[in-house]
Amino acid sequence: MSTQADPANIGKVLGFLREWDRGDRRVRSRMLNTFLTQNTGKTFYELELEFAQVASLFLARLTTWMRLTYMFGTFLGMQLKAIGIFLSASSHDQYLMEFLEDGGVLTLLDILGHFQSKEEEKTEALRLLLTISNAGRKYKEIICESHGVKAIAECLAKSNTDETQETAWALLESLSHGNPKYQNQIYKGLIALMTCTSPKAQQLALHTVHTVQAKMKTAHHSIVEPLLIMLRSLHLEVQDGAINLILDLRGHDVRPLLLNGLVVLLRPTKEEVQHHMHMKESERIKMTGSLPVFVQQAAAAKTIRLLAKDSQEVSHELLSLGVIQHLLYAMGNREHADAQIQASLALEHFVRSYPVIEEHVQRGIGSTLFAAFMHQADTLYMNMDEIQAEILLTNKVDITEEETTHASSPSPTYHTFHGPADVLLLRSQLLSWYDKEKRELPWRTLVKKRNISSTGFDKKVCGPFFWVAKIHFAAAPRPQQFITLLLCWYSCISVCFPKPGECKTRPTSVTVWLLVFLLQAVTESDLNIRTYAVWVSEIMLQQTQVATVIDYYNKWMKRWPTLQDLAAATLEEVNQMWAGLGYYSRGKRLHEGAQKVASELQGQMPRTVDSLLKQLPGVGRYTAAAVGSIALGQVTGAVDGNVIRVLCRLRAIGADSTSPAVTEALWSQANTLVDPERPGDFNQAMMELGARVCTPKAPLCSQCPVRSHCHSFRKVHVKQEKNSRKLLGKLDRKPSTLPDVEDCMTSDTCPLCPSEPWDDDLGVQNFPRKPAKKPPRVERTLTCVVVRPGEDGEDEYLLTQRPNKGLLAGLWEFPSLLQGEKSSGMKEKRALCAQISGLLGTHLTESLFQYVGEVVHIFSHIHQTYVVHSVCLKDADTQTPTENTQWLTGSALQEAAVSTGVKKIVKLCDSVDSQKEQTSKGGKRQKHTGTKNNKNQQTSKKKKLSAAGSGSRQLSLSAFFNSVKQES
């Protein structure tokens with residue numbers, strides 16, 4: 001809005017800018033001082049008013065002058081503060097964008113690295129960058145794209161003032177949040193910063209790495225060396241931060257490398273000690289009485305103790321690395337008392353935890369020294385003489401082999417199992433794990449997975465219920481076990497949360513009995529019903545996620561609890577029930593199979609795997625094996641996607657997992673392993689292992705019950721051990737006796753060996769290998785939604801039935817026509833119009849077609865785009881549909897046998913109608929009739945609707961029923 005004072009104000013501003021352009025350094029310094037005094041803290045609108053809506057002209061001058069003079073230090077601090085006034089007052093990102101377009105970010109980063117820049121100038125530059133970063137994700141990305149992370153990290157490492165360091169740290173923290181594209185770059189930049197010499201910078205870097213690491217799925221191997229080096233810091237804050245970060249990384253894939261590095265640090269070489277004695281910090285070392293290498297030794301012993309106390313699994317890994325011998329060596333280091341104390345405390349934990357270690361240590365160091373150690377481990381160093389120290393330094397205690405006898409060395413021909421002992425051991429370990437999982441199932445799944453908080457769950461009240469439940473579990477038959485446990489759980493929830501509002505997961509009695517029914521589907525005494533139930537579940541779980549299947553399975557079994565009920569249904573009813581589940585031929589095959597069993601097999605399901613495979617349509621090798629072993633007790637392996645992954649990793653099979661040679665090898669392995677007494681349990685255990693532990697990404701190797709048999713895991717361990725020795729310069733250690741994965745004697749011709757090199761970053765995820773997926777076929781289909789007013793006032797839609805074979809066989813859809821690759825659509829539009837005219841017995845023209853929008857629907861092999869038009873008709877324009885057409889209301893359409901793509905099209909039409917209704921005058925809906933030619937049809941923007949692709953993971957029956965229970 002202009003005022004009478006505007007011309008005068010504009011003249012004042014122009015005069016100010018002319019004075020700036022003509023002024024020398026002294027004039028500009030005075031003008032900057034005046035600007036800072038009068039405008040600090042002003043808002044965007046106040047600055048625009050002050051500068052007659054052209055404030056950005058002065059910002060451009062400031063930015064240009066700063067870029068030209070920052071290397072000479074000409075009032076740089078004042079320039080940065082003046083620019084800060086603009087950036088802090090930025091509205092709608094106007095000043096920010098102008099500053100960036102003038103190269104402002106690059107100049108600020110150059111200031112951070114320029115050797116003549118003062119600390120206060122660097123701090124101001126960092127504050128400006130922090131303001132830019134806090135403005136949003138796109139600005140963070142601009143800073144990162146300009147190599148800002150490296151510049152900021154170097155500034156933090158080299159800075160001498162707390163203010164500059166803390167501002168740089170705050171900027172790195174800001175860049176790490178809400179910046180997924182460059183999160184990995186920031187993470188690696190922080191790791192590099194950990195190696196700097198500034199304790200303050202190291203402490204801040206550790207803090208930020210801890211924050212960023214929590215967001216990362218994996219830890220990068222480059223973090224290991226800086227962390228181990230930071231253990232030698234004489235600053236306790238830095239050392240404690242490094243130890244805490246190592247503890248946080250114990251669940252990541254760098255754990256073996258960290259553990260091996262910690263054990264190596266317990267025994268520094270003479271060369272390392274001499275090197276540290278001649279460091280430049282020798283005077284400081286004399287003052288503190290500590291060599292960094294001995295400080296590192298003590299910190300490593302402390303970290304090992306904390307790790308071992310926290311996890312028995314980690315303790316076993318440390319024992320396999322020979323940690324006992326190294327701890328005894330550290331206890332003998334009389335030159336550093338703290339190393340002796342920490343090593344003694346760590347050894348005490350192992351001795352008191354494992355009797356076999358106690359025996360070996362006592363035998364290795366003598367009863368007298370051992371008695372003194374057991375009396376008070378932390379003060380042993382005070383009374384230790386030279387002879388005792390020499391005993392510790394030269395000890396020969398080695399229990400690695402005895403503690404890890406179960407992990408026998410693999411044979412070079414590692415693809416197959418070697419003899420009955422190998423098979424029996426793996427089988428027993430897997431079934432033992434599976435039994436343990438099943439025993440814990442009721443209270444783990446039904447309580448922990450229902451997100452009941454530990455504060456709200458009264459263990460004192462629930463304990464007796466679970467104790468009684470365990471007794472009944474051991475004595476009662478399987479169905480009764482589940483009922484007892486489930487009701488005990490229900491009683492616990494009722495006691496802990498007596499009011500319905502206190503716990504959203506409190507089940508009703510209906511839920512309890514529904515879950516009991518689902519378990520009895522597996523333990524049903526009627527063999528026919530049990531086989532039918534397992535068959536339905538396995539077919540539904542093919543290529544479909546368990547979460548999607550749950551509701552469909554519940555509805556299906558409620559409507560057709562027996563095979564005879566399904567056989568009596570119509571295909572239309574089956575398609576209607578299956579609608580939305582995808583891969584629609586599966587439902588049709590189930591229906592055909594049920595009718596075949598009812599008519600040709602006297603209603604009795606096949607009783608063998610071969611008969612299941614031959615007599616039931618749609619049943620393949622895996623489905624027949626799964627149903628046969630689980631429901632019928634047939635002794636056969638079952639190889640699905642999970643089992644393929646498990647076996648490929650167990651036996652290090654690196655060839656294409658879909659090739660015939662690998663497929664036959666996997667089935668042979670599965671048939672060799674399957675337990676003849678409990679084939680169903682064993683196959684489900686294999687599937688559970690793949691679904692929950694040996695997952696495609698981020699596998700939980702530390703929780704794997706058969707890890708000792710896994711050649712892929714050993715490959716990872718061997719590689720990490722080699723990398724650790726190389727990293728720490730410990731090449732004098734004995735080489736590992738474990739063979740590498742390339743040791744297969746026939747690797748050149750072996751059809752199971754890897755065709756690609758091993759990738760260290762992938763680890764066990766190197767297996768299995770699959771061929772590259774072919775991109776889905778792209779198709780465009782012209783679709784017309786024909787609407788007419790119904791008798792009850794609700795609109796009705798015209799639907800046609802698809803052919804009984806092919807994609808979406810037998811389902812209903814809107815009149816559609818596939819478009820050609822290079823077609824403009826007019827030819828198909830005319831053809832579709834003629835098709836609809838024939839169906840309705842009336843003449844329609846293409847001009848009646850109104851464009852609605854586009855709907856994208858993804859099939860497994862087709863990227864389908866529906867180009868949607870609509871036609872609204874009067875009653876007089878229609879006639880009775882033919883056999884393959886019908887009129888349905890919107891509510892009836894949702895329940896009909898239609899695909900998800902059809903429902904998406906209806907949703908799009910409803911959305912467009914709602915928008916038209918809102919924009920129409922008086923809020924009344926504008927209806928189109930079949931006799932009008934609407935020349936001003938509006939073209940909607942194309943909407944991208946994505947369909948969630950069906951997951952390919954095939955879960956075991958137990959996992960499926962467990963998920964059904966949770967959903968119910």
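The values are calculated or read from the model by the stated rules, or taken from the named source; none is laboratory data. All of these numbers come straight from a predicted model, not from anything done at the bench. All Cβ positions, glycine included, derive from the backbone under ideal geometry; neighbour counts span all protein chains shown. Quick note on the areas: whole protein, heavy atoms, side chains included, nothing else; ligands and nucleic acids left out. Shrake-Rupley method; radii C 1.70, N 1.55, O 1.52, S 1.80 Å.
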### Query
Within segment 32-42, is there a residue that is within 47 Å of the chain's Cα centre (by Cα), in contact (Cβ under 8 Å) with a residue 24 or more places away in the chain, closer than 18 Å to residue 132 by Cβ and surrounded by 15 or more Cβ atoms within 10 Å (Cβ to Cβ)?
no
### Query
Which one of 652, 685 is at pLDDT below 85, buried (at least 22 other Cβ atoms within 10 Å of the Cβ) and in contact with a Phe, Trp or Tyr (Cβ under 8 Å, 6 or more places away or on another chain)?
685
### Message
Name the single residue that is nearest to residue 586 (Cα to Cα) among those in segment 789-844 being among the polar types (S, T, N, Q) and open to solvent by less than 50 Å² (accessible area, probe 1.4 Å).
### Response
800
### Task
Hey, can you tell me all the residues within segment 87-142 that are more than 21 Å from residue 183 (Cα to Cα) and either aromatic (Phe, Trp, Tyr) or touching a Pro at 6+ places or on another chain (Cβ under 9 Å) (or both)?
95, 99, 115
## Note on the structure
Among residues of segment 228-240 being farther than 14 Å from residue 201 by Cα and touching a residue at least 12 places away in the same chain (Cβ under 8 Å), the residue farthest from the chain's Cα centre (by Cα) is 234
## Note on the structure
Given the conditions (1) modelled with pLDDT of 90 or more; (2) open to solvent by 10 Å² or more (accessible area, probe 1.4 Å); (3) not in a loop (DSSP other than H, G, I, E, B), every one holds for residue 576 apart from (1)
### Query
Would it be correct to say that residue 876 is modelled with pLDDT under 80 and in a loop (DSSP other than H, G, I, E, B)?
no
### Message
Going through 309, 302 one at a time, which residue ends up being modelled with pLDDT of 90 or more and either open to solvent by 50 Å² or more (accessible area, probe 1.4 Å) or under 44 Å from the mean Cα position of the chain (by Cα) (or both)?
### Response
302
#### Entry: Every pair of residues 6+ apart whose Cβ atoms lie under 7 Å, when the first sits in segment 304-333 and is within 19 Å of residue 392 (Cα to Cα) while the second is surrounded by fewer than 21 Cβ atoms within 10 Å (Cβ to Cβ) and among the basic types (Lys, Arg)
326/267; 329/267
### Message
Which count do you get for residues in segment 704-740 that are among the basic types (Lys, Arg) and modelled with pLDDT of 80 or more?
### Response
3
### Query
Out of all the residues in segment 625-680, which are among the polar types (S, T, N, Q) and over 21 Å from residue 697 (Cα atoms)?
629, 634, 636, 659, 663, 668, 669, 671, 672
### Task
Select from segment 655-678 the residues that are of a type in the set (Asp, Glu) and surrounded by fewer than 16 Cβ atoms within 10 Å (Cβ to Cβ) and write down the one among them that is nearest to the chain's Cα centre (by Cα).
664
#### Entry: Residue ID - most open to solvent (accessible area, probe 1.4 Å), chosen from residues in segment 352-361 that are over 12 Å from residue 395 (Cβ atoms) and of a type outside the set (D, E, K, R)
355
### Message
Going through 586, 621 one at a time, which residue ends up being touching a residue at least 12 places away in the same chain (Cβ under 8 Å), in contact with a Phe, Trp or Tyr (Cβ under 8 Å, 6 or more places away or on another chain) and open to solvent by 50 Å² or more (accessible area, probe 1.4 Å)?
### Response
621
